[in-house]
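A.B. asks: This structure is in structure tokens; I'll ask about it shortly.
The values are calculated or read from the model by the stated rules, or taken from the named source; none is laboratory data. Keep in mind that this is a model prediction, so the values were computed, not measured. Neighbour counts run over all protein chains shown; Cβ positions are idealised from the backbone, glycine included.
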Amino acid sequence: MIPLEDNVGDIIGKAQRGLGISDSELAKKAGVELATIRKLHEGDFDEAALLRVAPVLNLAADPLCELAKDDWRPERIDERDGFAQFNTRFHDMTVNAYLVWDPATRAAAVFDTGADCSEIVRFANRHKLKVELILLTHAHPDHVADLPRLREETGANVFGPAREPVSGVEPIDEGKHFHLGNLEIDTRMTWGHSQGGMTYVVNGLARSIAIVGDSLFAGSMGGGNVSYQDAVRNNLDKILTLPNETVICPGHGPMTTVGEEKQHNPFFAGKA
């Protein structure tokens, strides 16, 4: 199984940067030593310190400690007939792309490209899928790295967020609706990590699927590079309002569900 994208040190760091709280300020507000904050960043487990730090950073303390103790991982999600995850290496990290298709018509859509689209193309050919759409969650290099080859191999139409233009990609805004065989795909703007981050909600399979890019990870979220507050708000309003059984397909890390994130994600537990 793909490992979690973020550890507790990553989560604390993202919250600090988003809220503009330095290590020294966090130590003072939480009533712990500065050295303790630095050790938390390095991955040292100190439950008492985490319980003090969490409310300062507006994080849920119990899920944060749960992750620190390695007591939670999302349940493994079987890739049933209709969708598949592809994980490829991009420099010093891995990145996900997804293939979704209508089992009846074999019409398919690819979401992002990952670092290398070879396995996506092989899978589509092996299962006699017709890739009609390429839908981009955002334009960061790891998510569009192999777009020219994927477009050439499939001949599919390519769409991406209007606020993150990519050459040759048709811009779309929130509310754009796609038909894919018997499947319906809706778009929700979940920006904050990037300027135009887009979530695609697919209905028509056994379970609804939300391809969220870097907006949300299992147990964490993408850094609020553009706006931390908007990233948090959009995740709460646009993703975690979906039915609990909805499968969340993130740009990094394992797949999860809305229900699991509402309970176990330190950024959102108790808020959604």
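A.B. asks: Is there a residue being surrounded by fewer than 17 Cβ atoms within 10 Å (Cβ to Cβ), of a type outside the set (S, T, N, Q) and more than 26 Å from Met93 (Cα to Cα) anywhere in the range 209-231?
C.D. replies: Looking through the range 209-231, none of the residues is surrounded by fewer than 17 Cβ atoms within 10 Å (Cβ to Cβ), of a type outside the set (S, T, N, Q) and more than 26 Å from Met93 (Cα to Cα).
A.B. asks: Give me the residue from the range 97-127 that is assigned to a strand (DSSP E or B) and among the aromatic types (Phe, Trp, Tyr) and, out of that set, nearest to His179 (Cα to Cα).
C.D. replies: So the first thing to find is which residues in the range 97-127 are assigned to a strand (DSSP E or B), and the list is 97-101, 107-111.
So of that shortlist, the ones also among the aromatic types (Phe, Trp, Tyr) come out as 98, 101, 111.
Numbers: Tyr98: 17, Trp101: 11, Phe111: 15 Å.
Among them, the one singled out is Trp101.
A.B. asks: Right, next: So which pairs qualify, if the first residue must be in the range 249-264 and part of a loop (DSSP other than H, G, I, E, B), the second must be of a type in the set (Asp, Glu), the Cβ gap must be under 6 Å, and the two must be at least 6 apart or on different chains?
C.D. replies: Matching pairs, first to second residue: Gly251/Asp214; His252/Glu5; Gly253/Glu5.
A.B. asks: Please work out if Asp70 is within 19 Å of the chain's Cα centre (by Cα) and surrounded by fewer than 23 Cβ atoms within 10 Å (Cβ to Cβ).
C.D. replies: no
A.B. asks: Could you tell me how many of the residues in the range 155-201 are outside any strand (DSSP E or B), modelled with pLDDT of 95 or more and among the polar types (S, T, N, Q)?
C.D. replies: 4
A.B. asks: Any idea which of Ala68, Ala61, Ala27, Ala49 is in contact with a Phe, Trp or Tyr (Cβ under 9 Å, 6 or more places away or on another chain) and aliphatic (A, V, I, L, M)?
C.D. replies: Step by step, each of Ala68, Ala61, Ala27, Ala49 is checked, and only Ala68 is in contact with a Phe, Trp or Tyr (Cβ under 9 Å, 6 or more places away or on another chain) and aliphatic (A, V, I, L, M).
A.B. asks: While we're looking at this one, here's another question. I'd like to check something: does the range 197-206 contain any residue that is free of Cβ contacts under 8 Å to residues at least 24 places away in the same chain and within 15 Å of the chain's Cα centre (by Cα)?
C.D. replies: no
A.B. asks: Which residues, counting only those in the range 132-176, are in contact with a strand residue (DSSP E or B) (Cβ under 9 Å, 6 or more places away or on another chain) and among the basic types (Lys, Arg)?
C.D. replies: Arg151, Arg163, Lys176
A.B. asks: Across the range 163-187, what is the total count of residues that are in contact (Cβ under 8 Å) with a residue 40 or more places away in the chain and crowded, with 21+ Cβ neighbours inside 10 Å?
C.D. replies: Residues that pass the stated criteria total 2.
A.B. asks: Restricting attention to the range 202-243, and to residues there that are charged (D, E, K, R) and either part of a loop (DSSP other than H, G, I, E, B) or closer than 26 Å to Asp70 by Cα (or both), which single residue is modelled with the lowest pLDDT?
C.D. replies: Arg207
A.B. asks: If you don't mind, there's one more thing I want to ask. List the pairs whose first member sits in the range 82-110 and is in the same structural domain as Thr154 (by TED's automatic domain parsing) and within 15 Å of Asn125 (Cα to Cα), whose second member is among the charged types (D, E, K, R) and surrounded by 19 or more Cβ atoms within 10 Å (Cβ to Cβ), and whose Cβ atoms are under 6 Å apart, counting only residues at least 6 apart or on separate chains?
C.D. replies: Every condition considered, the pairs that remain are Ala107/Glu132.
A.B. asks: Looking only at the range 50-65, which residues are surrounded by fewer than 14 Cβ atoms within 10 Å (Cβ to Cβ) and assigned to a loop (DSSP other than H, G, I, E, B)?
C.D. replies: The answer is Asn58, and nothing else.
A.B. asks: Here's something else I'd like to know. Take the residues of the range 128-154 that are touching a residue at least 24 places away in the same chain (Cβ under 8 Å) and in a loop (DSSP other than H, G, I, E, B): which is surrounded by the most Cβ atoms within 10 Å (Cβ to Cβ)?
C.D. replies: Filtering the range 128-154 for residues that are touching a residue at least 24 places away in the same chain (Cβ under 8 Å) and in a loop (DSSP other than H, G, I, E, B), the one surrounded by the most Cβ atoms within 10 Å (Cβ to Cβ) comes out as Thr137.
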